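Working notes, structure below.
The values are calculated or read from the model by the stated rules, or taken from the named source; none is laboratory data. Everything quoted here is computed from the prediction, not taken from an experiment. Note that each Cβ is placed from the backbone with ideal geometry, even for glycine, and that neighbours are counted across all protein chains shown. Surface areas here come from the heavy atoms of the whole protein model, side chains and all, with no ligands, DNA or RNA. Shrake-Rupley method; radii C 1.70, N 1.55, O 1.52, S 1.80 Å.
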Amino acid sequence: MILLISDLHLEEGRPDITRAFLDLLTGRARGAESLYILGDFFEAWIGDDAMSPFQRSICEALRTLSDSGTPIFLMHGNRDFMIGKAFCKAAGCTLLSDPSVVRFNGQPVLLMHGDSLCTRDEAYMRMRRYLRNPLTLWVLRHLPLGTRHKLARKLRSESRTQTRMKANDIVDVTPEEVPRIMSEYGVKTLIHGHTHRPAIHKLKLGEDTAQRIVLGDWDRQGWVLQVDEQGFELSAFDFVPEPVLALPQGSQAT
Ligand code: MN
């Protein structure tokens, strides 16, 4: 059994998501053949040298799973494209380039984060090319921490405002880009995240039937794609509510 997840947007302010993820690591993912994380694993990442205690604890949890014998493959998203070799080494993960072709059940499958499929968003595509340029990345990695924090906050707030302003179809994948890239890589299955629109889409690829599986973001619930001999199964699960602390008699909640 192979598990794929994406868009957890892990951050300290969402202990419910963190708990659900840690439960997955010690539960379903234990003994899995492999775990794939297809980007936007962290809400923000400003460099391996700037890991917060929270991020360090996630790193250690990944390490525990990989040490137990389940390989972990990690792909960059648009939020955490600064994750580098040092983090992957510490977490026991293999960094996957975007896109990557893997073999599931003997069939080639294309894995992507998904942002590069949204080609109609030209402003974003320009920004993406700029930010992923090795020279830009080098400069970003060498900026003082404070500047990186500021820059990350700015990028996040800009991305939020722009996503709100842009038409719905612009922030989704470009329909023609899907068969194009699938033909280019010779696959009948594409798996990606990013759009936060979980679904399994069937499509025609020449004479063949193909499928595009969109992973869901973890917000109100979690999403996992399981691959086994039966095929692909995309499912959501509810987060376990945080235990409510019992207040002593006569005390007031504030
Ligand atoms: Mn994304």
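What the table below lists for this structure:
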read-out	value
CD proxy at 222 nm, helix term only [per DSSP H run n ≥ 4: -39500 (n - 2.57); per residue of the chain; nearest 500]	-10500 deg cm²/dmol
For the range 78-112 and the range 1-69, distance of Cα centres in Å	13
Accessible surface ranking that places the most exposed of His113, His196 first, with a 1.4 angstrom probe	His196, His113
Among Val173, Ser157, Thr64 - extreme Cα towards positive end, dipole of the chain, charges at beta-carbon	Ser157
Relative contact order, percent, the range 1-103 [alpha-carbon distance under 8 Å, six or more residues apart]	30
Calculated from backbone phi, Karplus (6.51, -1.76, 1.60) coupling profile of the range 207-212 in Hz, x at Gly/Pro	7, 9, 8, 10, 9, 10
Rg [Å, one decimal], Dmax [Å, integer] - the range 11-124, C-alpha atoms	14.6, 43
For Gly77, distant residues with modelled amide H under 5 Å away	Asp40, Phe41
Net charge of neighbours whose Cβ lies under 9 Å from the Cβ of Thr119, counting Lys and Arg as +1 and Asp and Glu as -1	-3
Relative contact order (%) - criterion: Cα under 8 Å, at least six apart; region: the range 179-244	24
Normalised contact order of the range 2-237, rounded percent, pairs of Cα under 8 Å and 6 or more residues apart	22
Distance in nm between pseudo-label sites at Arg197 and Arg153 (7 Å out along the Cβ direction from Cα)	3.3
In sequence order, calculated HN-Hα J values of the range 148-162 (Karplus, 6.51, -1.76, 1.60; Hz; x Gly/Pro)	5, 4, 4, 4, 5, 4, 5, 4, 5, 6, 5, 5, 5, 4, 5
Within a Gaussian network of the chain (alpha carbon springs, distance under 10 Å), most fluctuating of Val109, Val178, Val240	Val240
In sequence order, calculated HN-Hα J values of the range 168-176 (Karplus, 6.51, -1.76, 1.60; Hz; x Gly/Pro)	4, 6, 6, 8, 9, 5, 6, x, 6
Computed Kirkwood radius, in angstrom, where 1/r is averaged over Cα pairs of the range 2-237	18.3
Mean-position separation - Cα centroids, the range 119-140 and the range 190-229, in angstrom	25
Stretchable slack from Ala86 to Glu60, in nm (0.36 nm times residue separation minus alpha-carbon distance)	8.1 nm
Residue among Glu158, Glu233, Glu207 with the largest mean-square fluctuation in a Gaussian network model of the chain, springs linking Cα atoms under 10 Å	Glu207
Modelled FRET efficiency - R0 45 Å, Asp228 with Leu143, Cβ distances, 0.05 increments	0.50
Highest-fluctuation residue, Ala91, Ala167, Ala61 considered, GNM on the chain with Cα pairs under 10 Å	Ala167
Nonlocal amide H pairs with Tyr36, under 5 Å, H built at 1.01 Å	Leu3, Leu4, Ile5, Phe73
Long-range amide H partners of Arg120 with built H, under 5 Å	Thr174
Solvent exposure of the range 2-237 as accessible area per residue, Å², 1.4 Å probe	49
